[in-house]
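Before any comments, here is the structure.
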Amino acid sequence: MRAAHGWSTFPPRRHDTSYMQTLIEALQGTAHLVVDHFYEELARLPKSRRILEMLSAQELAHLKDRQVQNLLALAQPDLNAQEHAAMAMRIGRIHAIVGLGKEELVRSRGILQELVYKQIGRSVSSQALSLYARRLTSDTAWQLKAYQAVEDSQQEVLQRITRIVWTAGTYTHFIDQVIGALAAHDEIAACAIGRPDRHGIFHFEAGAGGSGLDGGGLLAALGSQGLDISVRADHACGQGAVGRAWRSGKAERVVNYQTDPLVERWREMTTREGLRSAVALPLATAGQPPIAILMLYSAWPGGYVGPDQVAFVELLQTLLGCAVTRLQTHEGMHGAAVPVSVRQHWAALVRTGALQMHYQPLLNLATGRCGKVEALARLRDGERLLTPDEFLFSLGSDDLLELFVRGLHQALADRRQWLAAGHDLDISINLPPAALNDIRYFEAAREALQTHACSSERLTLEILETEAFSLDDGQRSILAKFRALGVLLAQDDLGSGHSGLARLRELPFDWIKIDREIAQLDGDTALDALRVVYQVTRLGHALGKLVLAEGVDSADLLAALQILGVDGAQGYVIARPMPATRLPGWIEGAEAHGTCGARDGHAGLSVLARLARFVVWEDRVLLVAGTPGAVRDRLKAAGFVPPTPLAEELLGLGDVLPAGEARDMLQHDLLRALLEGGRESEAWRAALDRLKSVIAATAHETLPTEPAPSHAH
């Protein structure tokens with residue numbers, strides 16, 4: 001039986017051994033001369049010359065020594081096919097990585113064989129030369145096989161990256177997955193990704209490879225004191241590949257750390273980490289400034305400069321640029337760069353007892369009582385207490401799962417303590433969008449409910465609306481499991497994401513939480529904001545869902561929300577998040593003093609409260625104005641003769657404006673404008689401006705009120 005490339009699977013025959021022994025003796029005296037002539041010839045080949053020019057004198061001498069060793073190794077009598085294949089594949093992989101073309105490889109092997117024959121052809125037998133020629137041919141074939149292996153690895157990693165590009169929901173999850181995929185690729189000795197801070201100092205946020213395969217050693221080395229990387233041209237550390245790529249928006253290469261004067265300050269570190277060349281890829285939308293920089297390092301000089309490598313790098317850059325643009329556009333990226341050492345520290349805090357859940361009361365606007373709290377994570381870091389805005393976005397996928405599991409167990413344990421003290425409270429806790437791609441969250445929720453003997457309907461899981469929250473079958477299936485478990489579901493921050501109303505209709509939410517930005521009522525935008533809140537509330541109720549407003553920071557806004565029919569509210573005007581031990585005392589004090597409810601209906605109405613009542617009045621008029629037939633005709637006739645008992649009884653502004661002829665005339669003008677010209681008419685806009693002025697001038701007068709519509713939970 002014969003093996004591939006003419007090798008025998010049996011030990012070499014005795015006369016083959018004697019032939020090869022004479023060959024070894026001949027090569028030992030001439031191999032260095034052969035190699036010197038070989039590299040002189042290589043310098044005449046374009047691609048080979050480019051590679052050789054990348055090397056320092058020391059590196060070239062080392063390369064020649066390795067070539068001599070290779071020539072002698074090929075002549076060893078006991079060299080078997082497996083050993084030869086491994087040696088040739090290793091060398092072929094290096095040739096592929098540094099960009100030596102296949103055609104030039106084959107040509108160079110022919111040159112080498114001719115030089116060997118020229119030097120030793122007359123001193124060894126034809127049988128020895130024939131055996132050596134077969135080994136050289138096999139060597140070339142295995143090297144070409146290594147090229148194919150590198151190309152296959154390129155395709156595999158690009159396929160993995162493509163999947164990551166369209167599935168990653170957060171920047172942190174994205175960079176961790178990308179680094180993991182790239183680190184497995186043959187050509188990449190190390191990789192790292194990061195962004196600059198506001199001072200222009202670059203921070204790597206994730207990485208792998210180098211002397212420590214997990215990237216810890218590399219990233220620590222990259223962040224060493226005195227080795228700062230800057231993206232500013234006027235900074236001493238701004239001329240490296242990262243800084244140049246950030247400013248140019250193009251891929252920038254370090255062909256050889258040993259010879260490039262621009263990267264001299266990093267030479268010792270890269271040598272220690274086994275890195276010889278690199279390319280910096282700015283990740284951005286075409287024509288836009290970079291969002292992040294990906295560094296790819298090679299263990300060989302001239303990595304990422306060959307045609308195949310350039311094509312691979314360009315496609316990789318395009319894919320990743322699309323991803324970071326999507327994440328930035330859809331709020332998957334938050335804040336400034338967090339160095340990987342800080343990320344690792346915060347992830348360790350999650351697992352080492354530093355997690356402290358705080359609780360913010362949710363007020364039922366119909367009853368004025370607190371029957372539910374939202375659990376919010378805090379991390380104790382020495383004297384600091386970190387909020388989610390500081391650390392959450394920097395956690396990886398496994399860290400987020402650990403945070404959820406520990407946070408839920410802690411919250412349900414605290415709930416049992418409150419129950420023992422006489423406070424039966426529901427718990428609401430955030431569920432990351434990634435939970436709908438990971439069944440472990442469902443299993444963790446089910447196990448926690450069982451452990452703490454908590455009825456599932458007492459737990460609400462809040463799901464943040466994001467673009468990554470797609471509606472594929474797998475996510476729908478996990479969502480259905482949560483529903484079958486019996487927990488309540490809330491769509492968090494309605495209006496902050498994309499296609500929110502479609503998801504509100506399609507997905508089985510029990511609660512919707514209005515984004516705090518919608519409820520920010522300032523100046524001239526207050527009336528429109530109240531209209532939005534009112535219509536969202538009506539839509540939620542029409543779909544059988546309860547509506548809660550978050551970020552409520554004033555009593556005036558709280559009263560307005562109550563008028564608009566919002567079911568619940570949370571915010572600083574009610575209470576700030578607090579430790580579990582303080583919550584029972586807060587509830588008892590608030591109930592005893594009546595300080596946790598909305599504004600008393602008999603107190604003077606604020607501007608916001610009056611505008612809220614006007615929004616309800618306006619909606620009623622528009623509803624009737626659009627009704628055909630006798631009702632609309634009677635309203636129109638009555639509305640144009642002030643004062644009008646019908647209009648005052650059905651649509652009156654008596655609880656918005658002070659009684660008197662001026663109120664009647666203004667109501668008359670508003671009715672006429674709505675019924676004849678609609679909300680786009682000049683008459684309506686003029687009447688509305690007068691209404692706002694009157695409300696502002698009489699904001700603190702005591703007016704009669706009517707009960708707010710009730711949708712209590």
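The values are calculated or read from the model by the stated rules, or taken from the named source; none is laboratory data. What you are looking at is a predicted structure, and each value in this text was computed from that prediction instead of being measured. Quick reminder, even Gly has a Cβ in these numbers, built from the backbone with ideal geometry, and neighbours come from all protein chains shown.
Observations on the structure shown:
- Residue within the stretch 53-61 that is modelled with pLDDT under 85 and under 21 Å from Ala88 (Cα atoms) present: no
- Restricting attention to the stretch 145-203, the residues that are touching a Gly at 6+ places or on another chain (Cβ under 9 Å) and part of a loop (DSSP other than H, G, I, E, B) add up to 7.
- Within the stretch 476-512, the set of residues being closer than 25 Å to Leu327 by Cβ, part of a loop (DSSP other than H, G, I, E, B) and at pLDDT 65 or above comprises Leu507, Phe509.
- Residue in the stretch 462-475 that is more than 24 Å from the chain's Cα centre (by Cα), assigned by TED's automatic domain parsing to the domain that holds Arg406 and either under 25 Å from Thr170 (Cβ atoms) or modelled with pLDDT of 85 or more (or both) present: no
- Checking each residue in the stretch 131-165 for being over 19 Å from Asp308 (Cα atoms) and without any contact (Cβ under 8 Å) to a residue 24 or more places away in the chain picks out Ala133, Arg163.
- Under the condition of being more than 26 Å from Arg458 (Cβ to Cβ) and touching a Ser or Thr at 6+ places or on another chain (Cβ under 7 Å), the residues counted in the stretch 347-397 number 4.
- The one condition in (1) at negative phi; (2) surrounded by 18 or more Cβ atoms within 10 Å (Cβ to Cβ) that Gly302 fails to fulfil: (1)
- Restricting the stretch 230-255 to residues that are within 25 Å of the chain's Cα centre (by Cα) and of a type in the set (Val, Ile, Thr), the residue that is modelled with the lowest pLDDT: Val231
- Considering the conditions (1) closer than 26 Å to Gly396 by Cα; (2) modelled with pLDDT under 85, Ala284 is excluded by exactly one of them, (2).
- The set of residues in the stretch 146-155 being within 16 Å of Val313 (Cβ to Cβ) and either of a type outside the set (Gly, Ala, Ser) or in contact with a Cys (Cβ under 6 Å, 6 or more places away or on another chain) (or both) consists of Val150, Glu151, Gln154, Gln155.
- For Leu100, the criteria (1) over 47 Å from the mean Cα position of the chain (by Cα); (2) crowded, with 18+ Cβ neighbours inside 10 Å hold in every case but one, which is (1).
For (1) surrounded by fewer than 20 Cβ atoms within 10 Å (Cβ to Cβ); (2) more than 24 Å from Glu104 (Cβ to Cβ); (3) outside the structural domain of Cys322 (by TED's automatic domain parsing); (4) modelled with pLDDT of 90 or more, each residue gets a yes or a no:
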{"position": "Gln127", "(1), (2), (3), (4)": "yes, yes, yes, no"}
{"position": "Ser130", "(1), (2), (3), (4)": "yes, yes, yes, no"}
{"position": "Trp142", "(1), (2), (3), (4)": "no, no, yes, yes"}
{"position": "Gln148", "(1), (2), (3), (4)": "yes, no, yes, yes"}
{"position": "Gln159", "(1), (2), (3), (4)": "yes, yes, yes, yes"}
{"position": "Thr162", "(1), (2), (3), (4)": "yes, yes, yes, yes"}
{"position": "His173", "(1), (2), (3), (4)": "no, yes, no, no"}
{"position": "Ile179", "(1), (2), (3), (4)": "no, yes, no, yes"}
{"position": "Ala183", "(1), (2), (3), (4)": "yes, yes, no, yes"}
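- Any chance Glu390 is at pLDDT below 90, under 22 Å from the mean Cα position of the chain (by Cα), surrounded by fewer than 21 Cβ atoms within 10 Å (Cβ to Cβ) and closer than 22 Å to Pro433 by Cα: yes
- With respect to being at pLDDT 90 or above and on the phi < 0 side of the Ramachandran plot, Leu327 falls outside the description.
- Of the residues making up the stretch 277-287, at least one is under 21 Å from the mean Cα position of the chain (by Cα) and of a type in the set (S, T, N, Q).
- Checked against (1) in contact (Cβ under 8 Å) with a residue 40 or more places away in the chain; (2) not in a strand (DSSP E or B), Glu447 passes all but condition (1).
- Of residues in the stretch 292-309 being of a type in the set (A, V, I, L, M) and under 27 Å from the mean Cα position of the chain (by Cα), the one nearest to Thr170 (Cα to Cα): Ala292
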